Amino acid sequence: MNQPNALAVAVEMATRQRDEARRVLQHAMGAQRAAQDQLQVLQGYAQETETRWGMRPQATVAPEVMFHHYHFMGRLQHAAGLQTGVVGDHAQRVAQAQQQLRDAEVRLASLRKLAEKRQMEARQAQARREQKMTDERAALQHRPSPHGH
């Protein structure tokens with residue numbers, strides 16, 4: 001395989017890798033948004049539940065009911081804490097996917113720049129060959145003939 005074709009294949013592969021990295025990033029960002037939304041739902045529900053319980057300051061509540069309320073709120077806060085960890089994990093995945101996309105874009109840009117440089121070098125080499133041929137033709141036309149004509 002000659003160099004220009006190998007370079008074109010490398011650019012094509014780098015393009016596909018960049019596109020895949022972009023797709024992975026978009027997926028990771030969507031998962032992070034979903035996890036964040038779920039956390040907000042849990043936190044909103046906990047706040048709403050606390051607000052409902054706080055609206056009855058003079059109400060007499062049996063100790064068993066209070067026990068169940070506190071137990072439920074503890075479990076809800078635990079779930080929110082776990083979900084906070086999930087959101088953090090997704091944030092790390094997003095950061096990693098962003099870095100992979102940046103790396104893929106840098107690689108693709110480098111390969112494209114190299115391909116452009118090689119094309120420019122090939123054009124310059126072709127121009128030098130053409131100039132050399134033109135110079136040789138001109139020299140042959142102005143050279144005195146060996147027969148003295």
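Being without any contact (Cβ under 8 Å) to a residue 40 or more places away in the chain and surrounded by 15 or more Cβ atoms within 10 Å (Cβ to Cβ) is the filter; apply it to segment 29-52 and report the residue that is farthest from Q100 (Cα to Cα). So that I can check it myself, show each step before the final result.
Going through segment 29-52, the residues without any contact (Cβ under 8 Å) to a residue 40 or more places away in the chain turn out to be 30, 33-34, 37, 40-41, 43-52.
Going one step further and asking which of them are surrounded by 15 or more Cβ atoms within 10 Å (Cβ to Cβ), we end up with 43, 46.
Details: Q43: 33, A46: 37 Å.
By that ranking, first place goes to A46.
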Mind listing just one residue for me: the one in segment 60-88 that is in contact (Cβ under 8 Å) with a residue 24 or more places away in the chain and of a type outside the set (A, V, I, L, M, F, W, C) and, of those, farthest from A34 (Cα to Cα)?
Q77
Restricting the first residue to segment 115-143 and requiring it to be assigned to a helix (DSSP H, G or I), which pairs with a second residue that is of a type in the set (G, A, S) meet a Cβ separation below 9 Å and a spacing of at least six or different chains?
A115/A8; A115/A10
Can you name the number of the only condition in (1) at pLDDT below 85; (2) surrounded by 10 or more Cβ atoms within 10 Å (Cβ to Cβ); (3) of a type in the set (G, A, S) that A62 fails?
(2)
Exactly one of Q26, Q17, Q92 is assigned to a helix (DSSP H, G or I), within 30 Å of L114 (Cα to Cα) and free of Cβ contacts under 8 Å to residues at least 12 places away in the same chain, and that residue is Q26
Of all residues in segment 4-58, how many are modelled with pLDDT of 95 or more and touching a His at 6+ places or on another chain (Cβ under 9 Å)?
8
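The values are calculated or read from the model by the stated rules, or taken from the named source; none is laboratory data. Model, not experiment: these values are computed from the prediction. No Cβ is skipped: glycine too gets one built from the backbone with ideal geometry, and neighbour counts run over all protein chains shown.
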